[in-house]
Amino acid sequence: QVQLVESGGGLVQAGSSLRLSCAASGRTFRSYAMGWFRQAPGKEREFVAAIRWSGSSTYYSDSVKGRFTISRDLAKNTVYLQMNSLRPEDTAVYYCAATTSTVVVLSREYADWGQGTQVTVSS
């Protein structure tokens, strides 16, 4: 099992930036990839971005491509989500998750989840 702790959320104005962090512990060596998902009130959880621990591939949803960047620090077992040019529609609880699956865009493929961090973007 992998333990995940997110941090870095907050309240910002549109156009601002935030960096989310996800510290992983436990059996991280078994994880194939790390992903970020988000869930806004009344909406389903949606894929945001993912990265393989090898760092060779990254994946983004169309809604954040070009604005968000996912990265990882192997030495710190930490994954980051740099979010630039934030929009009010980015407001959601952001979750970090770990998967051993090769299908990284589906939330059902992720077995381990963090508690989430709130991101609120005001207009």
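The values are calculated or read from the model by the stated rules, or taken from the named source; none is laboratory data. What you are looking at is a predicted structure, and each value in this text was computed from that prediction instead of being measured. Please note: Cβ atoms are built from the backbone with ideal geometry, for glycine as well, and neighbour counts cover all protein chains shown. Just so you know, the surface numbers come from the protein's heavy atoms only, side chains and all, with ligands and any DNA or RNA stripped out. Shrake-Rupley method; radii C 1.70, N 1.55, O 1.52, S 1.80 Å.
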So which residues in segment 6-49 are over 17 Å from Ser71 (Cβ atoms) and among the β-branched types (Val, Ile, Thr), if there are any at all? Val12
Name the pairs: first residue in segment 66-87 and free of Cβ contacts under 8 Å to residues at least 24 places away in the same chain and among the basic types (Lys, Arg), second residue surrounded by fewer than 19 Cβ atoms within 10 Å (Cβ to Cβ) and part of a loop (DSSP other than H, G, I, E, B), Cβ to Cβ under 7 Å, at least 6 apart or on different chains? Arg67/Asn84; Arg67/Ser85
Among what's in segment 72-88 and is at pLDDT 95 or above and outside any strand (DSSP E or B), pick the residue that is surrounded by the most Cβ atoms within 10 Å (Cβ to Cβ). Leu86
Could you please let me know if Val103 is surrounded by fewer than 16 Cβ atoms within 10 Å (Cβ to Cβ) and either without any contact (Cβ under 8 Å) to a residue 12 or more places away in the chain or in contact with a Leu (Cβ under 8 Å, 6 or more places away or on another chain) (or both)? yes
Scope segment 5-33; condition at pLDDT below 95, open to solvent by 60 Å² or more (accessible area, probe 1.4 Å) and among the hydrophobic types (A, V, I, L, M, F, W, C); matching residues: Phe29
So Gly116 ticks every box in (1) touching a residue at least 24 places away in the same chain (Cβ under 8 Å); (2) surrounded by fewer than 20 Cβ atoms within 10 Å (Cβ to Cβ); (3) on the phi < 0 side of the Ramachandran plot but one. Which box is left unticked? (3)
Could you check segment 89-116 and list, in sequence order, the residues that are under 23 Å from Tyr32 (Cα atoms), assigned to a strand (DSSP E or B) and out of contact with any Ser or Thr (no Cβ under 6 Å at 6 or more places or on another chain)? Tyr95, Cys96, Ala97, Thr99, Asp112, Trp113
